[in-house]
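Below is one structure, written out as structure tokens; the observations come after it.
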Amino acid sequence: MKYQTIASLGERLHPLGRTLPDPQTGILYCDWTLSGVELWFRGSTLLADLCALPGAEMDRSPLNGQITERPTWPWCAVILDEEEIPAATFAVEGESCTRLLFHTDGEEIHRLRLVKRTENGKGYLGVRGFWTDGEILPPPDRPAPKQIVFIGDSITCGFGNTTEEKDRLFFSPDEDGWQSHGAVAARMLGMEPTLVSSSGICVTTYRGWPHPYAMDGLYDYTDRMLEDKLGRTELTRWDFAAHPADYVVLNLGTNDANGLALEGAEGPAHHARAYRAFLEHLRAVHPGAHILCALGSMDYYLYTDLQRIVAEYRRDTGDHRVECFRYPKMDIADPVGACGHPHVSTHRKMARALADRITALEAQG
């Protein structure tokens, strides 16, 4: 078996989503939902050299309803070739972990993706390198897929989407980013997704809101959650120019509907100013993208506000590559995921609706 570090693989390794290389340790951190690595290899066996830092998840006692916090670890999925169903899923626990990604009796050639199923802040995943009895190959020469960025909260993360226990809080095994609506829609469209999402997050800060971050203070950084956890004072900024997006789907507002209430009478105006400012910033960093300002499928309280903000933005700027999009609501006949969140069945419906809209936009040119 031959070992190859992340650094030694160079362009034979394709990062997926936002990843943070650490030159001091040689670790490639893949912390955002669906971030990871893609490679092509020839051989019979491939193993990954992984590491992790714990996050925290919340649980509610069935006896007295008391909420407690406990460590949680990142969960991964292994995707072979163009398969829809992962070849393997597993948790990574601790500072050193070796996982078998692929094994067969004879030599074969495959495309393999190792992606993180769970969200940032609730377990941090590092990739150090790979062992193989064969060879990690240069990627084939083929057209690059279009890029679609999803910005959101727990709905975009896929919070609790694989359970039907609606009263459960966050359990890492229940959160499957591979089956989130963004991931499914991207596969339907043949696009490559990047997810920047965090459960409980709002577009901006509100007094007393419990999430330690707001998206307008997080989005410009590659992995601020990790670097803050590591105590770093200089944060790595994301290189938007090197990662141009074709589509950006902004699904924030479900938490803001509660957060703005903490601001009292000034809450709606505070939210409107922040949303407009963030929308203008998205256009600045994604100059060529079509931006969809979405809401759903749990709550639509701020949707008319978003429509007004977007209409004013379009009028003031002449930018008509920005529009609103309403995801289909959760159906009472469908299962409900953890803490009242969309189940994978709802995520599939959301994905279909979004894919249909983007397909129409593609046809318009």
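Tabulated data for the structure shown
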| read-out | value |
| --- | --- |
| The chain - percent relative contact order, Cα under 8 Å, separation 6 or more | 18 percent |
| Estimated inter-spin distance, ALA265 and LEU137, nm [label 7 Å along Cα→Cβ] | 6.9 nm |
| Pairwise centroid distance, computed over Cα atoms, of the stretch 175-247 with the stretch 104-159, Å | 17 Å |
| Rounded to 5, the percent of DSSP beta bridges in the stretch 217-365 classed as antiparallel | 20 percent |
| Anisotropy class of the stretch 210-365 from Cα gyration tensor, a/c 1.5 cut | rounded |
| Net lengthening on full extension, ASP167/ALA311 (0.36 nm per residue, minus Cα-Cα) | 48.1 nm |
| Percent of beta bridges antiparallel (DSSP, the chain, rounded to nearest 5) | 75 percent |
| Surface accessible to a 1.4 Å probe, per residue, for the residues of the chain, Å² | 43 Å² |
| Sequence ranges 325-331, 145-151, 91-97, 175-181, ranked by mean other-Cβ count within 10 angstrom, highest first | 175-181, 145-151, 325-331, 91-97 |
| Accessible-area composition of the chain, carbon plus sulfur, in percent [1.4 Å probe] | 52 percent |
| Förster radius 25 Å - calculated FRET efficiency between LEU230 and GLN66, Cβ distance, rounded to 0.05 | 0.20 |
| FRET efficiency, ARG352 to LYS2 (Cβ-Cβ, R0 51 Å, nearest 0.05) | 0.75 |
| FRET efficiency for ARG237 and ASP334, using Cβ-Cβ distance with R0 set to 51 Å, rounded to 0.05 | 0.80 |
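The values are calculated or read from the model by the stated rules, or taken from the named source; none is laboratory data. Quick caveat: nothing in here was measured; it's all calculated off a predicted structure. Glycine gets a Cβ as well: all are built from the backbone with ideal geometry, and neighbour counts include every protein chain shown. The accessibility values were calculated without ligands, DNA or RNA, using every heavy atom of the protein model including side chains. Shrake-Rupley method; radii C 1.70, N 1.55, O 1.52, S 1.80 Å.
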